[in-house]
Amino acid sequence: MADLSTQLINKLKLSNDKPNFKRNFKNKLLPFFTRNPERAKFSQGFEPVIGALSRMSIGWDPVYLTDNYNIDNIVENVDSVQLLDGFEMGEDEKHKFLSNLFNESSIKSFRHPFLLNYYTLSENNEKKGEVDVAKFIMKIFDLSNDENWKKFISDRSTSNLVEDILIESLEKIPQQKTDNQFVLINKEIFRERFEDLSFLLEHKDFAIKNLSLFFSFYYFQFLMQTVLTIDRFNVDDSKLFELYYTLDSEKITSTRITNKRGFNLIKSIYKNILANDNLIGYLNELLEYETFYSLQDIKNMDNSDRQKLDDELKTVLEMYKTSMSKQEFIPEDLDDKILMFRDWLVNDVSNETISRFPKSIEEIGDLYFLKRRGQLGKVLTLRKELIILLTALIVKSEKMIVTEVFNEFEKRGVFLDRYSKEEIVELYEKMNILDKKSDSGEAKYVKPIL
């Protein structure tokens, strides 16, 4: 069997005049695509992702399309439909009536947890991206092992006859074990996410209404933190980067901190994201272990393992240099070799491919979390619905001092300057959830929403 460096050289076709930067890695860091058709664009909202991750959580086939949704059983199970005047509908009228009442597009209106499993994917190639986003979220929350979550989406109990007819008539979705290649390099951040989900599921109606916003929020947060982490070689994987949001209703100027430490930080590294992802993938192919290694893991390897990687990478870079007629000298230090490899990947992958790869960040951002602010471009934005959701999850069942509420926002990756904090306090006052009574007479408390 060829050594690891030879295998990578052959994979990248470095012996040819033009390398081929293949990306069929054993592990995946980001649910991004270098082609547009497969990328999740959320044209149907986030519900298709909710459907896929629900099905995967309980071992069902994640791919469920509109054509799979069949109401024939419903028509058969309903003997007759009586009109207000006492007359019964004919068979054709009954079929049309039930088709309208129980069609696939109206299933979300029932607000029943079991029906989350029947949210359909998009009909085009976008469904591949939706399933990948679902897999990524599965890793974020370890949903396959969350018994509370699985109990929630498996609950078939009903509160009325209409729900009962629908749930009893739905065809079973096939069982299927789904491989999940995604790895989280920064899984220690946002530890509050598990408690947040648990509390959310205790309030069924509120949960069903907000699951799309909840999961998409943490998905967006992990995307931004991950791309920032892999862009920095000397950063601990558990570091939380401070990203500043503003409220949807605020008027902002160029002097606000969100313009220095907000979404512009993400935009500034767009050209590096694909190269960073490729770099980590290729380095792992030069390691003889099954375990995935982040850049931080590589820095922390013992000297013998680092030396093995150094030797393999040197061989690859020498062939790369010859293939692409590079003039630089290959450095002695392993870390410098890695940085050189990253720079070459940034420069040698086509600009079209590089520009398509990070678009997944803006696709989800445009759905909920970004707002274009004229010449300032897109800015990280808190809409009222998200403020209410986060506040409910943070405060839970006992009032909390407002400064602590903002500390909890930061633990979830939402940083705010004093102007935005003042706006949120005003919103709390309008919602009548701000309690100014305290022992000191000065502290303000936020009351529970749920």
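Laboratory data are not the source of any read-out in this text; all were calculated from the coordinates shown. Note that the coordinates shown come from a computational prediction; the quantities given were computed from them, not determined experimentally. Every residue, glycine among them, receives a Cβ derived from its backbone with ideal geometry; neighbour counts consider all protein chains shown.
Numerical summary
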| quantity | calculated |
| --- | --- |
| Only Lys, Arg (+1) and Asp, Glu (-1) charged, at Cβ; region 47-182 dipole about Cα centre in debye | 740 debye |
| J(HN,Hα) series, region 100-109, from Karplus relation 6.51 cos²θ - 1.76 cosθ + 1.60, nearest Hz, glycine and proline x | 5, 6, 10, 5, 4, 6, 9, 5, 5, 6 |
| Isotropically averaged projected area of region 47-182, using the convex hull of Cα atoms (one quarter of hull area), nm² | 9.0 nm² |
| Label corresponding to percent of Cα pairs over 33 Å apart when calculated from the structure given, among [x] 47; [y] 33; [z] 60 | [x] |
| Rounded if a/c under 1.5, otherwise prolate or oblate - region 262-360, Cα gyration tensor axes | oblate |
| Distance between modelled label sites at LYS26 and ARG306, nm, 7 Å Cα→Cβ extension | 2.3 nm |
| Helix-derived mean residue ellipticity, 222 nm - over the chain, DSSP H n ≥ 4, -39500 (n - 2.57), to 500 | -14500 deg cm²/dmol |
| Protection-proxy order for peptides 159-166, 340-347, 52-59, 246-253, each taking the mean of Cβ atoms within 10 Å per residue, highest first | 52-59, 340-347, 246-253, 159-166 |
| Exposure proxy order (Cβ contacts within 10 Å, fewest to most) of ILE387, ILE273 | ILE387, ILE273 |
| Estimated inter-spin distance, ASP205 and ASN264, nm [label 7 Å along Cα→Cβ] | 4.4 nm |
| Mean separation of Cα contacts under 8 Å (6+ apart) over length of the chain, as relative contact order % | 21 percent |
| Taking region 47-182 and dividing mean pair separation by its residue count, relative contact order in percent (alpha carbons under 8 Å, at least six apart) | 44 percent |
| Positive-end residue of ASN180, SER159, GLY90, charge dipole of region 47-182 with Cβ unit charges | ASN180 |
| For the chain, size of Cβ-based charge dipole, Lys and Arg +1, Asp and Glu -1, in debye | 1480 debye |
| Placed amide H near LEU247: partners under 5 Å, 5+ positions off or other chain | LEU382 |
| Full-stretch length increase - SER198, GLU104 - with 0.36 nm per residue and alpha-carbon distance subtracted | 31.0 nm |
| Full-stretch length increase - PHE97, GLU242 - with 0.36 nm per residue and alpha-carbon distance subtracted | 46.9 nm |
| Förster radius 51 Å - calculated FRET efficiency between ASP164 and PHE233, Cβ distance, rounded to 0.05 | 0.30 |
| Region 294-444: relative contact order in percent, alpha carbon pairs under 8 Å with at least 6 residues between | 9 percent |
| The chain: angle of helix 418-430 to the longest principal axis, Cα-based, in degrees nearest 10 | 10 degrees |
| Gain on full stretching of the segment that runs from LYS384 to SER144 - 0.36 nm per residue minus C-alpha separation | 83.3 nm |
